[in-house]
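Shown next, in structure tokens, is the structure this report addresses.
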Ligand SMILES: [Zn+2]
């Protein structure tokens with residue numbers, strides 16, 4: 001059935017546009033997801049997706065900016081761009097799909113007869129994924145976080161694919177390349193792609209609200225990666241972010257995820273990319289019920305870098321407040 005859900009011929013030379021049709025199901029009518037195919041013949045085959053989580057708008061914006069300049073700049077290969085793979089969540093500005101309450105990035109490879117999130121995942125997996133050997137899935141963490149400009153991957157069992165994926169991630173030249181030993185990877189898009197031997201990286205940057213400065217850094221990172229792949233010509237430069245111009249390759253383990261000891265309002269006392277020592281004060285939690293102040297000091301559990309900081313939202317006990325990252329030794 002591969003290819004039957006695209007409304008256009010993605011093999012045609014040059015720029016072609018159309019839709020990926022996600023068939024109707026029990027919960028909604030068919031969806032039409034915009035897709036752009038930029039085919040300049042032999043070369044790397046890249047898929048760029050945005051809007052996997054609907055409240056992360058940097059990805060869709062950067063993907064649509066690419067559509068404006070890449071057709072001119074691309075010299076070889078093929079790039080498929082799907083700026084918003086979950087338009088229902090983008091319209092609602094929610095992480096999960098409103099109709100079925102599911103996180104699209106936990107239901108891959110999906111099901112053709114499932115709920116709408118599962119049907120989207122199925123269409124992306126069966127139609128778009130086979131057209132690429134490399135995938136950039138453009139995220140921005142979440143609106144209640146500040147996150148370092150980064151390219152993130154999960155550990156890959158195949159050492160050769162792991163090394164290729166790290167190289168691809170580092171080619172963005174964003175301040176952080178992160179290998180995240182995440183505990184909850186079942187149903188993620190990257191796992192499905194990596195199981196097919198594909199290089200898959202997620203860019204993560206921002207959170208909160210979209211800004212022109214953040215978008216410029218984000219887009220520069222994607223541009224660097226396109227240069228590294230040989231899809232466009234040019235010289236890759238480290239984007240300037242907070243006066244820093246280098247890439248650190250780090251890892252985050254489950255022990256680097258700091259959870260809140262209680263419910264309350266979290267006050268960060270650290271910023272992304274800060275280097276902290278074990279025992280440094282990194283935040284304060286203010287319980288609403290307390291009449292005596294009762295603020296709870298929160299300390300860094302390890303000597304490490306601050307990768308992402310909770311920047312909004314009342315926190316419940318055990319919710320994540322800070323993600324730390326430490327140097328990766330490959
Ligand atoms: Zn996301």
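So here's what we get for this one:
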{"read-out": "For the stretch 5-117, the Rg and Dmax computed from alpha carbons only, in angstrom", "value": "14.7, 44"}
{"read-out": "Sequence-separation-based contact order of the chain, relative, with Cα cut under 8 Å and 6+ spacing, percent", "value": "15"}
{"read-out": "Order of 183, 139, 286 under a 10 Å beta carbon neighbour criterion, fewest first", "value": "183, 286, 139"}
{"read-out": "The chain, helix-only ellipticity at 222 nm - DSSP H runs n ≥ 4, -39,500 (n - 2.57), divided by all residues, nearest 500", "value": "-6000 deg cm²/dmol"}
{"read-out": "Separation of the residue 27 and residue 76 label points, Cα + 7 Å toward Cβ, nm", "value": "4.3"}
{"read-out": "Centre separation in Å (Cα based) which lies between the stretch 212-242 and the stretch 148-191", "value": "18"}
{"read-out": "Computed lengthening from residue 157 to residue 92, 0.36 nm per intervening residue step minus Cα-Cα distance", "value": "19.8 nm"}
{"read-out": "Label point 7 Å beyond Cα of residue 42 along Cβ direction - residues of the stretch 55-87 with amide nitrogen under 12 Å", "value": "77"}
{"read-out": "Cα-based Rg and Dmax for the stretch 249-330, where Dmax is the largest Cα-Cα distance (Å)", "value": "12.9, 50"}
{"read-out": "GNM flexibility winner over the chain from 185, 97, 165 (Cα, springs under 10 Å)", "value": "185"}
{"read-out": "Ascending count of other beta-carbon atoms within 10 Å, so fewest first, for 45, 310, 64", "value": "64, 45, 310"}
{"read-out": "Crossing angle, helix 58-73 versus the chain [Cα axis fit, 0-90 degrees, rounded to tens]", "value": "40"}
{"read-out": "Distance between the stretch 40-104 and the stretch 248-278 - C-alpha centres, whole angstrom", "value": "29"}
{"read-out": "Degrees between helix 212-229 axis and first principal axis of the chain (Cα, 0 to 90, nearest 10)", "value": "50"}
{"read-out": "P(r) tail fraction, the stretch 158-271 - alpha-carbon pairs more than 21 Å apart, %", "value": "49"}
{"read-out": "Protection-proxy order for peptides 189-200, 207-218, 8-19, each taking the mean of Cβ atoms within 10 Å per residue, highest first", "value": "189-200, 207-218, 8-19"}
{"read-out": "Burial order of peptide ranges 88-95, 230-237 (average beta-carbon count within 10 Å, highest first)", "value": "88-95, 230-237"}
{"read-out": "Spin-label model distance (nm) - residue 12 vs residue 290, 7 Å beyond Cα toward Cβ", "value": "6.4"}
{"read-out": "The stretch 14-251: C-alpha gyration tensor shape, a/c 1.5 cut-off, then a/b vs b/c", "value": "rounded"}
{"read-out": "Cα Rg, Dmax, the stretch 130-201, angstrom units", "value": "12.1, 35"}
{"read-out": "Ascending count of other beta-carbon atoms within 10 Å, so fewest first, for 144, 252", "value": "144, 252"}
{"read-out": "Distance cut-off 15 Å, percentage of C-alpha pairs in the stretch 79-132 lying past it", "value": "44"}
{"read-out": "Where labels lie 7 Å past Cα in the beta-carbon direction, separation of residue 275 and residue 303 in nm", "value": "0.9"}
{"read-out": "Cut-off 16 Å (backbone N to label point 7 Å along Cα→Cβ of residue 65), residues of the stretch 224-244", "value": "224-227, 237-242"}
{"read-out": "Residue with peak Gaussian network fluctuation, the chain [Cα springs, cutoff 10 Å], from 290, 260, 140", "value": "290"}
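Any read-out appearing in this document is the output of simple, stated calculations on the displayed coordinates, not a laboratory observation. Treat the numbers as computed from the prediction; the structure is a model and nothing was measured. Heads up, the Cβs are rebuilt from the backbone with ideal geometry, glycines too, and the neighbour counts pull from every protein chain shown.
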